[in-house]
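Participant: Structure incoming, see below.
Each value in this text was obtained by applying a stated rule to the coordinates, not by laboratory testing. The shown structure was predicted, so the numbers you read here are calculated from the model rather than taken from an experiment. Glycine gets a Cβ as well: all are built from the backbone with ideal geometry, and neighbour counts include every protein chain shown.
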Amino acid sequence: MTRALPAISIILPVLNEAESINEVVAHVKALAYDGSREIIVVDGGAGADTLAGLVHADVLGLTAPKGRAKQMNRGAAMARGDIFLFLHADTHLPEQALGRIAQTMEDSGVGAGAFRLAFDSNKPWYRLAAWLGNLRNQLLKTPYGDQAQFFRASLFRDMGGFPDLELMEDVAVMRQVRKLGHTIAFVPEPVTTSTRRYRKEGFLFGVARNCVLRLLYGLGMKPERLTRFYRAHGETR
């Protein structure tokens, strides 16, 4: 007897993505998967401009206060799937992504997972950054949000969702998964993440700032101080 595939809820936290949101949703809809899926777009913009441009009537559109953690938790609160997949609007999934997630979650010991990382540029410094990021994944088992994190829905609810942090919510939630004794798995195929932010602010600056933020967080700096540092050295999220 064939086991039914799990339902997957794809939750997209967005901000000022009116020009690209329909392309992103179309990409998610086109992914191969025989199980059920739902797509939830959560707009953190004050005027909900992204939702205003959304033309896909079968997508659930929600608003939430600005901030990825708040937006993703809002989407999860309305999600009905067995698995929650949190996808940044500038990250593209591989064609078989949903099937790979379902396959990964067949192991009852796995509570969460993510994909390997690649960038949408073949320039050597981006390839090096992706290689180092994937090496860090293998060593620390702490994937970041731009790697399309996914969770068993029951575990995500039991944990109370993402911690209400403006920064490092993706790291904090994975630490909680490990603390509870669950395995974090990695899908071998990579997601492809846009380099647009690095192009805008400069690759070396962006990498250096992010490394400093992660180091300070690892050393125990309070989240509010991290946020002040980030705002002083880059865009708000």
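Participant: Along the Cα→Cβ direction, 7 angstrom out, place labels at E224 and V207. What is the inter-label distance in nm?
Facilitator: For E224 paired with V207, the spin-label model returns 3.4 nm.
Participant: Would you grab the residues whose amide H sits under 5 Å from the one on T63? Only those 5+ places off in sequence or on another chain, please, with H modelled 1.01 Å from N.
Facilitator: Here D43 satisfy the definition.
Participant: Also, quick follow-up: What spacing in nm lies between the two simple spin-label points modelled at L215 and M78, each 7 Å away from Cα in the Cβ direction?
Facilitator: Taking the two extended label points, one gets 4.1 nm.
Participant: Let me ask you something else. Taking 0.36 nm per intervening residue step and subtracting the Cα-Cα distance, what contour gain separates S20 from R231 on full extension? Could the numbers behind the result be given before it?
Facilitator: On the way: separation 211, 0.36 × 211 = 75.96 nm, distance 2.51 nm.
Gain on extension, S20 to R231, equals 73.5 nm.
Participant: How many angstrom lie between the C-alpha centres of the range 33-69 and the range 158-194?
Facilitator: So the separation of the two Cα centres works out to 21 Å.
Participant: Further question: For the range 29-118, just the Cα set please: Rg and Dmax, both in angstrom.
Facilitator: 14.1, 42
Participant: Counting pairwise Cα distances across the chain, what percent come out greater than 32 angstrom?
Facilitator: Counting pairs separated by more than 32 Å, the tail of P(r) holds 14 percent.
Participant: On a full-extension model of 0.36 nm per residue, what is the gain between R175 and D158, subtracting their alpha-carbon distance, rounded to one decimal in nm?
Facilitator: Fully extending the segment from R175 to D158 adds 4.7 nm.
Participant: While we're looking at this one, here's another question. Taking only DSSP H segments of four or more residues, each worth -39500 (n - 2.57), what value at 222 nm results for the chain once the sum is divided by all its residues, to the nearest 500 deg cm²/dmol?
Facilitator: When only DSSP H runs of four or more count, the value is -12500 deg cm²/dmol.
Participant: State, in angstrom, two size descriptors of the range 134-237 derived from its alpha carbons: Rg to one decimal place and Dmax to the nearest whole number.
Facilitator: 14.5, 40
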